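Notes for the one structure printed next.
Throughout, read-outs are computed from the coordinates displayed, never taken from laboratory work. For clarity, every value in this text was computed on a predicted model and none was experimentally measured.
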Amino acid sequence: MRNIIYFILLFTLAGCESREKKFSLIGKWELIETHEFSYIAKRTIQIKPKEEKFFIFKNNNVVVDENGNIGIYKLNGNRLFISSFNQHYLLKYRKEDTDRMELDFTNSEYASACDEGCTEVYEKE
């Protein structure tokens, strides 16, 4: 009987480990804050958005924003390009927090496009 309990416990623990969440861009991502670097304060300032902003990424590389604008996106590693909006971003996320991502505005060469740094933080709904 004891062996059966150990077997069930081992099977349960092994099953839980294999369900690690993976990051997926697909879904609705809502802006929750913006980070800007202040040279005066010499720190990053977190700013809550004044109005709703979101992206809905779909399986067929289509993206829709909060205004209903439709675009095509391309994700290559951590480089995200949204063609219809002509926007380039560097995408960052942590493996332990797959429902949150950061988008840094960049130019077409994926270098920072902001003098004081600008990062938008999104959370998946």
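Under 5 Å between amide hydrogens, built in the peptide plane, is the criterion, and for K53 it picks out L31 among residues at least 5 positions away or on other chains.
The calculated P(r) of segment 73-124, using every Cα pair and 10 Å bins from 0, goes 26, 55, 19, 0 in percent.
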